[in-house]
Amino acid sequence: MAKRRIAYYLMTIPALFLFFAFHTFPALQGIFYSFTNWDGFSDGYAFVGFKNFINVFKDENVLNSYFFTFKYAIAATILINVISLLIALGLNAKIKAKNFFRGVYFLPNVLGVLIVGYIFNYLFSNAFTVWGAKLGSDFLSQNILGNPDWAWVGIVIVGVWQGIAYNTILYLAGLQTIPADLYEASSLDGASKWKEFWSITFPMLASFFTINMVLAMKGGLMIFDQIVALTGGGPGRSTQSIALLIYQGGFTGGEFAYQSANAVIYFIVIVAISLFQIKVLQRREMDL
């Protein structure tokens, strides 16, 4: 028994050390520097209390970034869950080449986010504009990533295209846990497919729906890589997310302490939203 414990400790302690060294300790450092005026480069700094936190709520760039981030996260969360659920229902049906299509739909999740972003950047800039010109459409012939009013739509398209893969797998796993006897009984009662979905399928997927909603919202709030590859936060600051603002201001803008305070606030916001989602959706599970 003692030898087993030693083996467990040898496996656990190095992992805990690495987690603390590369995750917990830097996070604690960020919280510490959020109460200072350190620019990220100077040797010295001074404590300023809650000044950085107060200024965050007065910063127009921060407020605009919050608005864009929430707009993207809400749109992406809804689209990802609706589309992935529809795809999962199709892949769970009795169709030919089912395993092939499952692999194809999961492929976007395997590809790197930056790689996908740069590919779509090329498509939006070159391929789609050419196709739009051939169709005679003025709107489709322009690069929407260069339009301040429509650039966020391009980012949503890329985020949803890549995000539905993982959620589809989760919904598909949930569909396979539903007993076939329930559908047989409903068919004997003459229930329609629409009635079966709302009375059997969707209630039985409630826990999977909760997980997917929370994960999709969290991923949307932490949007970063797609923006770097597609727009870099432009045109202007129209597609600058909170994560991108923290990175640009903290590491290249001499605002390390200020953006650390912004990061602390944003962390609290993400945790609060996730907990609220879980509470509301789990209550809905009990109602179903």
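Would you check if Val113 is closer than 20 Å to Ile74 by Cα and in contact with a Leu (Cβ under 7 Å, 6 or more places away or on another chain)? Considered against the rule, which asks whether it is closer than 20 Å to Ile74 by Cα and in contact with a Leu (Cβ under 7 Å, 6 or more places away or on another chain), Val113 comes out as no. Only one of the listed residues (Tyr166, Tyr122, Tyr171) is open to solvent by 70 Å² or more (accessible area, probe 1.4 Å), touching a residue at least 40 places away in the same chain (Cβ under 8 Å), at negative phi and in a helix (DSSP H, G or I). That residue is Tyr166. For residues in the stretch 19-75 being in a loop (DSSP other than H, G, I, E, B) and either small (Gly, Ala, Ser) or within 26 Å of the chain's Cα centre (by Cα) (or both), which is nearest to Gly233 (Cα to Cα)? The residue in question is Asp59.
Here the stretch 66-116 is the region considered, the condition is being aromatic (Phe, Trp, Tyr) and farther than 26 Å from Ile270 by Cβ, and the residue that is surrounded by the most Cβ atoms within 10 Å (Cβ to Cβ) is Tyr105. When only residues in the stretch 125-138 that are assigned to a loop (DSSP other than H, G, I, E, B) and open to solvent by less than 80 Å² (accessible area, probe 1.4 Å) count, which is modelled with the lowest pLDDT? Looking at residues that are assigned to a loop (DSSP other than H, G, I, E, B) and open to solvent by less than 80 Å² (accessible area, probe 1.4 Å), I get Ser137. Whenever a residue of the stretch 266-277 is farther than 16 Å from Val56 by Cβ and in a helix (DSSP H, G or I), it has no partner that is polar (S, T, N, Q) and open to solvent by 100 Å² or more (accessible area, probe 1.4 Å) lying with C-beta atoms less than 9 angstrom away and at least six residues away or across chains. Looking across the stretch 1-32 at every residue that is open to solvent by less than 90 Å² (accessible area, probe 1.4 Å) and either more than 30 Å from Glu255 (Cβ to Cβ) or in contact with a Phe, Trp or Tyr (Cβ under 6 Å, 6 or more places away or on another chain) (or both), the one that is modelled with the lowest pLDDT is identified as Ala2. Close Cβ contacts (under 9 Å, 6 or more residues apart or on different chains) running from residues in the stretch 84-98 that are touching a residue at least 40 places away in the same chain (Cβ under 8 Å) and within 17 Å of Val160 (Cβ to Cβ) to residues that are aromatic (Phe, Trp, Tyr) and crowded, with 20+ Cβ neighbours inside 10 Å comprise Ser84/Tyr171; Leu85/Tyr171; Leu85/Phe209; Ile87/Tyr171; Ala88/Tyr171.
Residues that are at pLDDT 90 or above, part of a loop (DSSP other than H, G, I, E, B) and either buried (at least 20 other Cβ atoms within 10 Å of the Cβ) or on the phi > 0 side of the Ramachandran plot (or both) within the stretch 208-264 comprise Ile223, Thr231, Gly232, Gly233, Thr239, Gln240, Ser241, Glu255, listed in sequence order.
Residues in the stretch 211-230: is at least one within 28 Å of Asn61 (Cβ to Cβ), without any contact (Cβ under 8 Å) to a residue 24 or more places away in the chain and over 15 Å from the mean Cα position of the chain (by Cα)? No. Of all the listed residues (Gly146, Gly154, Gly159), the sole one being of a type in the set (Gly, Ala, Ser) and open to solvent by 50 Å² or more (accessible area, probe 1.4 Å) is Gly146.
The values are calculated or read from the model by the stated rules, or taken from the named source; none is laboratory data. For clarity, every value in this text was computed on a predicted model and none was experimentally measured. In this analysis, Cβ positions are derived from the backbone assuming ideal geometry, glycine residues included, and neighbour counts consider all displayed protein chains. Quick note on the areas: whole protein, heavy atoms, side chains included, nothing else; ligands and nucleic acids left out. Shrake-Rupley method; radii C 1.70, N 1.55, O 1.52, S 1.80 Å.
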